[in-house]
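To start, the structure under review is shown below, and the notes come after it.
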Amino acid sequence: MIKDAEFLNFIQDLDHHFTGWDFSRITASGRMQSHALPWSLGSVVLPLLRNAATMLDMGTGGGEFLSSLQPLPKTVYATEGYKPNVQVAKQRLEPLGVNVVYFEEDTSLPLMDHYFDLIINQHESYSAAEVKRILNDRGVFVTQQSGGTDCYGINESLGVPLNEEFAHWNLAIAAQELQDHGFKVTFSREDFSPQRFYDIGALVYYLIAIPWQVPDFTVERFIEPLYHIHQMIRTEGYFEVQQHRFILIGEV
């Protein structure tokens, strides 16, 4: 039985309920830090947004990113497939005139054909065919994705393989998929950069917030490897893994 008081305090400090897509509990305090990407999604989106009359934010989370892009176009929709986030998104976005829509399947969005000038997507799964259906003939699709090997060092340290369904997901595959559905890829870039956790509590918080990284994660199930990582942090000062990110712009 582990009796390390510091370790136990960190893993028990989980009273903050994660909502939306807000990691400020561990990022604002510097407990988790990610290396800056060689692009800014916001800076890529803003010029496109200014020329759009209709816009969709796919997988808006709690609406954190979308609400930062004001002033928004005249007509804006946001989809969210995780039910607990829907009300969070509505509270943040509806006062801005955004229509928040719950959906269950990427392949069947409850949205009109050929409607949107601009669709943005940050770390959300999507169907290229469905994106093509709801974009108009001047439409632009911008997506920033987490690649299939994102933070693999966590899985490796916990002895859990990556999800085989997504392990292949990278820039080349995503670009080819868009091209196969009639898009012209006008911008693309991929990056692998460090992400650091400076205490074991920050890592546990991250894994609870992102359940697809290590499915069925619980502290009790992984207590021994977590303690090993805690000891590593004590020695090195941090636990470092590698992000996998890529960005694409596809035009109809």
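For the range 122-242, pairs of C-alpha atoms spaced more than 18 angstrom apart make up 59 percent of the total.
Once the C-beta distance of THR75 and THR235 is scaled by a Förster radius of 45 Å, the resulting FRET efficiency is 0.25 to the nearest 0.05. Spatial offset of the range 106-134 relative to the range 189-203 amounts to 30 Å, using the alpha carbon center of each.
Note: relative contact order over the range 132-252, using C-alpha pairs below 8 Å and six or more positions apart, is 50 percent. For the range 161-176, the residues whose amide N sits under 17 Å from a probe point set 7 Å from the Cα of GLU224 along the beta carbon direction are 161. In terms of the mean number of neighbouring beta-carbon atoms within 10 Å, the peptides 4-12, 243-251 order highest first as 243-251, 4-12.
Ignoring aspartates and glutamates fewer than eight residues from LYS184 along the same chain, the ones with Cα atoms less than 19 angstrom from its Cα are ASP117, GLU130, ASP137, GLU251. With a cut-off of 16 Å, note down the residues of the range 162-176 whose backbone N falls inside the zone around a label point 7 Å from the Cα of ASP191 toward its beta carbon. Once the point is set 7 Å along Cα→Cβ of ASP191, 171 turn out to lie under 16 Å by backbone N, inside the range 162-176. Based on protein heavy atoms only, the range 1-101 ends up with 53 Å² per residue of surface accessible to a 1.4 Å probe. Over the chain, dividing the summed -39,500 (n - 2.57) contributions of all DSSP H runs of at least 4 residues by the number of residues returns a 222 nm mean residue ellipticity of -9500 deg cm²/dmol. What separates the Cα centres of the range 54-90 and the range 214-250 is a distance of 29 Å. Taken along the Cα-to-beta-carbon direction at a fixed 7 Å, the label points for GLU105 and ASP180 span 1.9 nm.
Computed from Cα atoms, the angle from the helix 83-93 axis to the main principal axis of the chain rounds to 60 degrees. Which of these, GLU236, GLU190, GLU64, has the largest mean-square fluctuation under a Gaussian network model of the chain (Cα springs below 10 Å)? Result for the chain, Cα springs under 10 Å: GLU236 fluctuates most. Rolling a 1.4 Å probe over the protein heavy atoms of the chain, with every protein chain left in place, gives an accessible area that is 50 percent carbon and sulfur. Extent along the principal axes, Cα only, for the range 204-252: 50, 27, 13 Å, with the longest axis given first. Short-range pairs are left out: with C-alpha atoms under 8 Å and at least six residues apart, the relative contact order of the chain is 22 percent. Backbone phi angles across the range 98-106, fed through the Karplus curve with coefficients 6.51, -1.76 and 1.60 (θ = phi - 60°), yield HN-Hα couplings of 8, 8, 9, 10, 7, 9, 10, 10, 4 Hz in residue order; Gly and Pro are listed as x.
Stretching GLN91 away from THR27 to a fully extended chain increases their span by 20.7 nm, per 0.36 nm per residue minus the current alpha-carbon distance.
The values are calculated or read from the model by the stated rules, or taken from the named source; none is laboratory data. Bear in mind the structure is a predicted one, so any value in this text is a computation, not a measurement. Glycine also receives a Cβ, built like all others from the backbone with ideal geometry; neighbour counts cover every protein chain displayed. Each accessible area value is taken on the protein alone, full model and side chains, heavy atoms only, with ligands, DNA and RNA left out. Shrake-Rupley method; radii C 1.70, N 1.55, O 1.52, S 1.80 Å.
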